[in-house]
Amino acid sequence: VQLQASGGGLVQAGDSLRLSCTGTATTPGTYSMAAWFRQAPGKQREWVAILSNGGRTQYGDSVKGRFTISRDNAKSTIYLEMNTLKPENTAVYYCNTRNTDGREYWGQGTLVTVSS
């Protein structure tokens, strides 16, 4: 499996959740960039956080200061730590990598539902 996302669930506003993304596409040295995207009901997919191979991170304006993208090379896993969740963060979250083989990979998505 190239990418598999997990960790979604139903939480209350203000709670935290950590998403994980792992697979052959997250093997250290095989990707130049990893990212999390999300798609809320009725909306277009949008990027949430980006992690470059060099370790630089970028975040969407709506999640800055609350979400953190990170990686564990020993586990070939990309994480998205989400704190102080809000109902508007409800979406299907997808992990994405751009790899050195020239391909782009997507995980299957994991649903995060935040109740008010």
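The values are calculated or read from the model by the stated rules, or taken from the named source; none is laboratory data. In this text, all values refer to a predicted model and were calculated from it rather than measured experimentally. Because the Cβ atoms are built from the backbone with ideal geometry, glycine has one as well, and the counts that use them run over all protein chains shown. The protein model used for the area step is the full one, side chains on, heavy atoms only, and it has no ligands, DNA or RNA in it. Shrake-Rupley method; radii C 1.70, N 1.55, O 1.52, S 1.80 Å.
Annotations for the structure displayed:
- Taking 0.36 nm per residue of sequence separation and removing the Cα-Cα distance, the residue 53/residue 39 pair yields an extension gain of 2.6 nm.
- Simple Cβ-charge dipole of the chain, Lys/Arg +1 and Asp/Glu -1, about Cα centre, in debye nearest 20: 80 debye
- A straight chain from residue 111 to residue 73 at 0.36 nm per residue would run longer than the Cα-Cα distance by 11.2 nm.
- 5 angstrom amide H check on residue 77, placed H, neighbours 5+ away: 72
- Carbon plus sulfur fraction of accessible area for the chain, probe 1.4 Å, in percent: 45 percent
- 21 Å tail of the calculated P(r), the chain, as % of Cα pairs: 30 percent
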